[in-house]
Amino acid sequence: IVEQTPQITDPAPLVVCDTDADGFAVFNLIEVEDDILFGLTGGPYVVTYYSDIAQTSPINNPGAYTNTSNPQIIYITVRDTNNDCIAETQLELRVEIPPVLVNPDPLELCDQTEIIGPDDEQEIFDLTQAIPQITGGALGVSITFFETLSDMQANINMIATPTAYINVLDNPQTIYIRAEDVNTSCVVDSGMVTLDLIVNPRPSPITPEPLEVCDIDNDGFATFNLTDKDIEIIGGEPGVVITYHETPLDAENGTFALTDPYANIVADSQLIYARATYDDVPPAVGTGCFKVVILELIVNPTPEVPVNLAPLVICDDDGDGFAIFDLTERAADIYGTQDPTDYALSYHTTLADAQAGTAAIAAPGAFTNTINPQPIWVRLRDIDTDCFKVGTFELQVSLGPTVIQPLPLELCDDLGASNDGTTAFDLTVKNDEITGGAAGVGVQYFESQADADANINAINPATAYENTSNPQTIFVRVTDGNTLCADTSVTLTLRVLPNPVPEEPD
């Protein structure tokens, strides 16, 4: 009689995770019996376990067997109690080292995304960024994340989308990590390895008032010292540094920072972007979180002041070189077409005072010069922008021209006339005699002293004047062409000499 041996199934290895890293663990060998006996009928069957190949001594307590080597082969017999036929197989015991985990650095984000609202301390984290540090780069380790320790230990409610996780608990928030070796199924879930999520606040920069400069040449472009706005933007908040950028993208990326002095590239008004950052440049320990505010650059036009203002000239009556000037006589020339109500005009005795806007002449309508000639500096300031421009004109106290009393101008009576005592005089022949030949001096002739003093009704033309009496006094006005000072102190006598009246000879 040939009896059938039990057709058993070779069991898969038994694997236990080594919690103390000594290579030994307690195995429940009985766990494999269902697999070994799978599909068998009849029986009953007796399963016996041996630690040696000779099968000399069965293992007394197979439900709690500690391996003696790693790996270790256990020898198994299965006996059919009906016919005492025996089948043999082997079971491999392996004590596997569970994954070694490293506590990762916190994942930090700036509070930039408005999930609920600004400064809501919630951000979208990619938890998987921490996996290489957690596993030390080891392959074959599966990492799952949990919000609570109990969920991690029970392996329930794992975070479903770790690449886009929004922190929901306290800030910082602790995430619990479960690691499983995909080859051995060894699991680390002790709760000792956690990941902290930190939402860092951003700075609170103050949107600054526009930075305004005056346009010297009024072309719409000027240079700015952007750092003049640092203190205003920071607002006293510690650990904040400011950089300036031409575009919002440059400000967001922290690239192409502008340096002082900065020349605007958009005429009159240009927006630039100030990036306030918690300084993370060593030795600072800031987070690098930032916020961007807008800074407007404004180029204000500067008042126009003529380059060459004509001097104020007063003729010196007493020869002392001093006179009382009305400086406001130049106001119309200074303002030009500009509306005087938009500006403040002041007069100064030095350039430094004019530039500083100090020591203005208190009574410009009655100013006595202190030297001759004397420069006067004017400051024209825009009331709204405080932009100003400085100009100058000169005060001159001038002596009148030097004049010489001329000898009488004598002409013979017209030929053909009956000695009526009138003739045509060219008065200008006396010009050089009166002026001494000085250049730039004009001579005019009048029939009365009053007309000469008032500079009205000048004889014209002076080259062909017919006297009205004989002799006749002509009044002379001599004017300096540079200073316009005039002298009316000399006269010119006109004399018409009679012609002889011959007798017709025999």
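The values are calculated or read from the model by the stated rules, or taken from the named source; none is laboratory data. Note that the structure is predicted; figures quoted are calculated from it, not measured. Glycine also receives a Cβ, built like all others from the backbone with ideal geometry; neighbour counts cover every protein chain displayed. Remember, those area values only see protein heavy atoms, side chains included, never the ligands or the DNA or RNA. Shrake-Rupley method; radii C 1.70, N 1.55, O 1.52, S 1.80 Å.
A few comments on the model shown:
- Helical mean residue ellipticity (222 nm; -39500 (n - 2.57) per DSSP H run of 4+; nearest 500) of the chain: -2000 deg cm²/dmol
- Phi-based couplings in Hz for the stretch 450-463 (Karplus 6.51, -1.76, 1.60; Gly and Pro marked x): 4, 5, 5, 5, 8, 6, 10, 6, 5, 5, 8, x, 7, 8
- Under 5 Å, built H, 5+ apart or other chain: amide partners of residue 343: 383
- Computed across the stretch 1-105, the Kirkwood hydrodynamic radius from all distinct Cα-Cα pairs reaches 15.2 Å.
- Residue 86/residue 26 FRET efficiency (R0 22 Å; Cβ-Cβ; nearest 0.05): 0.20
- Convex hull volume of the stretch 315-451 per residue (C-alpha atoms, cubic angstrom): 183 Å³
- Cross-link partners of residue 229 among aspartates and glutamates, defined as those whose alpha carbon lies under 17 angstrom from its own and excluding same-chain residues fewer than eight positions apart: 209, 212, 237, 246, 260, 296.
- Across the protein chains, with a 1.4 Å probe defining accessible surface, the residues 3, 180 rank 3, 180 from largest area downward.
- Shown here is the pair-distance distribution of the stretch 208-322: with all Cα-Cα distances grouped in 10 Å bins from zero up to the longest one, the shares run 13, 33, 22, 11, 7, 7, 5, 2, 0 percent.
- Computed with the Debye formula from one identical point scatterer per Cα of the stretch 336-397, without solvent, the log10 of I(q)/I(0) at q = 0.25, 0.29 Å⁻¹ comes to -1.09, -1.28.
- The label point for residue 457 and the one for residue 351, both projected 7 Å from the Cα toward the Cβ, are 5.1 nm apart.
- 20 Å cut-off, amide nitrogen to a point 7 angstrom out along residue 332 Cα→Cβ, residues in the stretch 292-313: 304-313
- Taking 0.36 nm per residue of separation and subtracting the Cα-Cα distance, full extension of the segment from residue 228 to residue 469 would add 78.5 nm.
- In plain terms, the chain from residue 3 to residue 157 could stretch by 50.0 nm, reckoned as 0.36 nm per residue minus the Cα-Cα distance.
- With distances taken between every two different alpha-carbon atoms, the chain has a Kirkwood hydrodynamic radius of 35.8 Å.
- Calculated P(r) of the stretch 408-506 - Cα pairs past 24 Å, %: 29 percent
- Cys residues of the chain counted as unpaired, since no other Cys beta-carbon is under 4.7 Å: 85, 412
- The portion of the accessible surface of the chain made up by carbon and sulfur, rounded to a whole percent, is 53 (1.4 Å probe; DNA, RNA and ligands excluded).
- Alpha-carbon spread of the stretch 125-210, three principal axes, descending order, Å: 66, 27, 21
- Residues with amide H under 5 Å from that of residue 194, placed H, sequence gap 5 or more: none
- Under-5 Å amide H pairs with residue 423, H placed in peptide plane, nonlocal only: 467
- Multiplying the residue separation of residue 362 and residue 170 by 0.36 nm and subtracting their alpha-carbon distance yields 62.2 nm.
- With a Förster radius of 35 Å applied to the C-beta separation of residue 383 and residue 322, the computed FRET efficiency comes to 0.55.
- Surface per residue (accessible, 1.4 Å probe) for the chain, Å²: 54 Å²
- Normalised contact order of the stretch 266-361, rounded percent, pairs of Cα under 8 Å and 6 or more residues apart: 18 percent
- Among 38, 393, the order of accessible area from largest down is 38, 393, computed with a 1.4 Å probe on protein heavy atoms.
- The label-point distance for residue 102 and residue 309, in a model that sets each label 7 Å from Cα toward Cβ, rounds to 7.7 nm.
- Inter-site label distance for residue 218 and residue 41 at 7 Å from Cα along Cβ, in nm: 11.5 nm
- Reported value for the stretch 252-389: 175 Å³ per residue, from the convex hull of its C-alpha atoms.
- Between the stretch 146-209 and the stretch 241-283, the alpha-carbon center distance in angstrom: 35 Å
- Inter-part distance where the stretch 358-429 and the stretch 214-237 are each reduced to a Cα centre, Å: 48 Å
- Length, then width, then depth: along the principal axes, the Cα atoms of the stretch 234-293 run 40, 23, 18 Å.
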